[in-house]
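Quick notes on the structure that follows.
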Amino acid sequence: MSGVDFQPTGEQRDLRAGVRDLLAGRYGREALRASVEAGVAVDRRLWRELGGAGFFALRLPEADGGVGLGLPEAVLVFEEAGRALLPGPLVATFLAAGVVPGAAAGTAVVTAFDLDGPLVAHLAEADAVLGAPALPEGEPVRSVDPLTPLHRVARPGRAGPYRDEGALLTAALQLGSALRTLELAVAHARRREQFGQPIGAFQAVKHLCAGMLVRAEVARTAVYAAALTGDGAEIAAAKLLADEAAVQGARDCLQVYGGMGFTWEADVHLHLKRAWVRAEQWRTAAQAEELLAADLLGADG
Amino acid sequence: MDLTYTDEEQEFRARLREWLAKELPALPPRPSPDDWPGRRAYDAGWQRRLYEAGYAGLHWPLDAGGRGATPTQHLIFLEETERAGAPYVGANFVGLLHAGPTIAAEGTAAQRARWLPPVLRGDEMWCQGFSEPDAGSDLASLRTRAVRDGDDYVVSGSKIWTSHAEVADWCELLVRTDPGAPKHRGITWLAMPMDAPGITVRPLRTLAGSAEFAEVFLDEVRVPVENRVGAENDGWRVTMVTLSFERGTAFVGEVVACRRTLALLARAAKENGRWDDPVLRRTLGRLHGELGALWRLTQWNVSESQRSGGVPGTGGSVFKLAYSHARQELYDAAAQVLGAGSLALDEEWVLDRLSSLSYTIAAGTSQIQRNIVAERVLGLPKGR
């Protein structure tokens, strides 16, 4: 076919579907809730299984034991991880493949200094911090997200050269979460009846859902385009828009759920809390907007 | 997933750029907004140049007199003409983007031969008679009546928001032919000659101060039955073809224009010192990200329609919702850059700011678009 074909190819769709099936079987809702109740984010066995399936080695050349695929495939895979709310330092371990021994195979868990300030995620569960010579000492901090344990360290390092790719893959996680909360909201709005009809028949509810879709679809094209171009400003835009789609999507889903949305039992709060964490990782909204402003002024002289 | 253009597309772009560079300096000066005959002549002249260079009806099918270009080539055409500052479709809008594609899709061979070539050449202009004073978002409740009398329909009623009515040769008209049928099933699509007796055009002034559209009163206007496109009472389906075109690629050039405006705004803010305000700077940065993503969404929708054989999908509604909102934010940001200067009508962007207020209303309000998206994409139940 002639012409720009921005849509995923058949192979890319198959890859995405394969990861979705793998995660649905291995980390479905019961597993998610079990890890929440146990308070354990990283399951080493699952981590090795992900490594065995090529999750972390996706971009390594085949000659080095990797899968030999690119960033576009990586964002499709991370989108599914975000949809499943798969916990752990997925992005840092992915970026560490080929750099930190064991990261590619999933035998090592690698975190990163991806938060501004003294907080580090998953420190106690990690074997290494990306770009740091040794694991720093840290004091545990009670985390808003039950599956993102936090530690406070005295002298945090910097995300450095990994910032762009880290932001892009995190944006892909946010995209998956945004698409999932949209599905949850729509399913609830079709099922739940009040005043003798499904609440999804009311425009007030319908328009909330339509807004969620618009934000998610705009974020999707931004994420996919940034994965294709690798452009720093496009990555910043993708992170900014995907953060919003995920955070506001979870908020709107919570609203559609009504009282149930405020309970521990519903999964909505897990999406919202993780989306808040990711919004602080690699590139915040303020940083993304400043970067975009500089790019805007730079363009056309 | 791929965003690279083929060699053929690069060559198409290069040839178009070359042609635009040669042609644009030779254009006459633009007429004033109130000079309707002048505007018509100007728009017709531009369309004629496009026709002679082989760019008219680029994306129309070959058997409709078009060039059978791919959606990507059409996208490149819209991008490059806007980037070069070429004239807008203007008075050719309805002919090229609504009525023409409808006739191409639904008309007989004789109807295509009669109406399509003059549209492509810029010889005939069309306007749209859809909305009525009591039929806006609920378009299917329209009441303009058409009664069969021999070989004619006799049409009475009134239409509103009709752009270019003063200078149009034809009107794509929706009329009620069966008042007893359910509202979507009693509508017929007619091509009405605008010089027929019984038509009165009353210009309407917009809040921007200019007469951009009109009210059209129809008093027993005779329209030949042979001017009917599609079957009697099948006009709603015929119209939906048109409206999906309206929501497909109609805004491509405008996204490019918005991005150009934003770059100018940033420079103006830098010059007047307001760039140092981090709130404004971040607002402009966010808009840069949003408009960039909307350009990518356009490419996404185009490659989707390319896969589905040229039929624009519901992606158009998603795009319009995001775009109309972003465009209004753009001009609100312009007002922040101008400060009190935004109160002066002769400042750049102030008239555009006023015009942008229509974007969340025209071609389907944002509320109607959200209903469409929620019901057709997400599968939520229709309200009662």
Given B:K22/B:K270; A:K239/B:K382; B:K183/B:K382, the pairs whose alpha carbons are separated by over 27 Å: B:K22/B:K270; A:K239/B:K382
Sites B:E226 and B:A53 - FRET efficiency at Förster radius 35 Å, r taken between beta-carbons, to 0.05: 0.60
Partners for A:K273 among aspartates and glutamates (Cα-Cα distance below 19 Å; same-chain residues under 8 apart left out): A:E30, A:E37, A:E79, A:E80, A:D114, A:D116, A:D145, A:E183, A:D243, A:E244, A:D252, A:E265
Label point distance in nm, B:A140-A:D21, each placed 7 Å from Cα along Cα→Cβ: 4.0 nm
Theoretical ellipticity at 222 nm over the protein assembly as shown - DSSP helices of four or more residues, -39500 (n - 2.57) apiece, nearest 500: -16000 deg cm²/dmol
Solvent-accessible heavy-atom area per residue, rounded to whole Å², over the protein assembly as shown at 1.4 Å: 42 Å²
Average partner coverage of A:227-240, which counts Cβ from other chains inside 10 Å: 3
Stretchable slack from B:I368 to B:H184, in nm (0.36 nm times residue separation minus alpha-carbon distance): 64.6 nm
Reach of B:K320 by Cα under 17 Å, taken over aspartates and glutamates that are not fewer than 8 positions away in the same chain: A:E217, B:E246, B:E254, B:E290, B:E304, B:E329, B:E375
Accessible surface of chain B, 1.4 Å probe, proportion on carbon and sulfur as whole %: 52 percent
Estimated translational D of chain B in µm²/s (Stokes, Kirkwood radius over Cα pairs; 4 °C; 1.567 mPa s): 58 µm²/s
List of the range B:317-357 residues, accessible area with partners at least 50 Å² below that of the chain alone (1.4 Å probe): B:V318
Loop chymotrypsin sites (Phe, Trp or Tyr not before Pro), the range A:169-273 (other Cβ atoms within 10 Å of the site Cβ: 16 or fewer; DSSP): A:F195, A:W264
Pairs of alpha carbons in the range B:126-232 whose separation is greater than 19 Å (percent): 39 percent
Fluctuation leader among B:R176, B:R121, B:R205 - chain B, Gaussian network, Cα springs under 10 angstrom: B:R205
Per-pair calculated FRET efficiency, R0 = 25 Å: B:L357 and B:D35 via Cβ, rounded to 0.05: 0.55
Residues along the range B:64-86 losing 30 Å² or more of accessible surface when the other protein chains are present rather than the chain by itself (probe 1.4 Å): none
Rough spin-label spacing in nm, given labels placed 7 Å along Cα→Cβ, for A:R155 and A:V40: 3.5 nm
nm² value of the averaged projected area, convex hull over the Cα atoms of the range A:1-128: 9.4 nm²
Relative contact order of chain B, defined on C-alpha pairs under 8 angstrom at six or more residues apart (%): 13 percent
Estimated inter-spin distance, B:T200 and A:F262, nm [label 7 Å along Cα→Cβ]: 6.0 nm
Accessible area buried between chains A and B, both sides summed, probe 1.4 Å, in Å² to nearest 100: 4800 Å²
Convex hull projection area averaged over all views, the protein assembly as shown, Cα basis, nm²: 32.8 nm²
Carbon plus sulfur fraction of accessible area for the range A:10-160, probe 1.4 Å, in percent: 52 percent
Within the accessible area of the range A:161-298 (1.4 Å probe), percent carbon and sulfur: 55 percent
Amide H within-cut-off set for B:A56, under 5 Å, with H built and near neighbours excluded: B:Y51
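The values are calculated or read from the model by the stated rules, or taken from the named source; none is laboratory data. Note that the structure is a prediction, hence the values are computed from the model and not measured. Every residue, glycine among them, receives a Cβ derived from its backbone with ideal geometry; neighbour counts consider all protein chains shown. Ligands, DNA and RNA are excluded from the accessible area calculation, which covers all protein heavy atoms including side chains. Shrake-Rupley method; radii C 1.70, N 1.55, O 1.52, S 1.80 Å.
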